[in-house]
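Enquirer: Sharing a structure with you now.
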Amino acid sequence: MSNKSLTIVLPVYNNESQLEPSVTQMLDLASDLTSRFAVMIVDDGSTDDTSNVAQGLASKYPQVFVHRQRQRSGLGPIISLVQRRIKSDVVIMHDGVTPIDPVQVRRLWRQSDAQAAPAVAGAKRDRDIRDLASVRQTHNAMALVHGRVMGFHIVEPLTAEQLADDKSSPTPTVVPATNRPATKPRPTDRTGVGQIPPLPRPNFLSAVAQFTLGE
């Protein structure tokens with residue numbers, strides 16, 4: 001088993017019914033990959049009982065922590081938040097829309113060890129940035145780009161130099177818990193974790209571009 005630290009990020013919106021099975025599925029998977037793992041729940045301003053469910057999971061599992069957005073902001077600002085706060089060796093983030101696919105997480109975990117992965121990721125990153133730049137005027141056109149970047153993706157934390165250049169307020173570093181769950185949760189279903197706005201709005205374009213650069 002690897003000794004690298006792993007954080008799996010699950011953005012959610014109004015998903016009180018499916019949050020617990022999704023989180024326990026990710027805990028079960030992460031505990032098979034490494035002994036140093038965490039699951040970060042980002043509640044994007046939910047108006048149902050999602051926040052209480054998330055806090056209950058954080059109380060039950062020391063590997064779970066929660067960040068709540070005061071209002072619905074979309075995927076772009078969440079990506080920026082994750083890049084600034086999480087300092088794990090590997091950060092794997094869900095898009096908040098598509099069904100949870102553990103196979104994607106395992107593949108990305110293996111990819112993080114592969115020396116050839118950066119070249120492949122770089123080619124895809126450049127293509128996605130060009131696509132995003134070409135669709136600034138129309139939200140509908142952005143849907144075509146977003147369709148290619150759904151599911152789980154690796155997010156690279158900002159470097160010290162990038163953080164120094166970041167004009168936003170600094171936030172504390174979050175380090176994944178090192179203990180495995182006392183009772184290993186079992187996977188249940190593969191449904192999505194919530195309904196984050198399906199597309200970043202045009203004013204979130206720069207934050208999404210940061211995500212592609214750090215993928």
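Read the figures in this text as sums done on the coordinates, not as results from a lab. Remember, it's a predicted structure, so these values are computed and weren't measured experimentally. Methodologically, a virtual Cβ is constructed for each residue, glycine included, from the backbone with ideal geometry; neighbour enumeration extends over all protein chains shown.
Enquirer: Please give the net charge around ASN52, taking every other residue with its beta carbon less than 15 angstrom from that of ASN52, where Lys and Arg add +1 and Asp and Glu add -1.
Expert: -3
Enquirer: Taking R0 as 25 Å, what FRET efficiency do you get between LYS60 and ARG110 from their Cβ-Cβ distance, rounded to the nearest 0.05?
Expert: Once rounded, the FRET efficiency stands at 0.30.
Enquirer: Rg and Dmax in Å for the stretch 39-96, alpha carbons only: what are they?
Expert: 11.5, 33
Enquirer: Summing +1 for each Lys or Arg and -1 for each Asp or Glu, what net charge is found among the other residues whose Cβ lies under 13 Å from the Cβ of GLY96?
Expert: Here the count lands on -2.
Enquirer: OK, next. Kindly put SER22, SER51, SER46 in sequence by how many other C-beta atoms sit within 10 Å of each C-beta, fewest to most.
Expert: In increasing order of surrounding Cβ atoms, one gets SER51, SER46, SER22.
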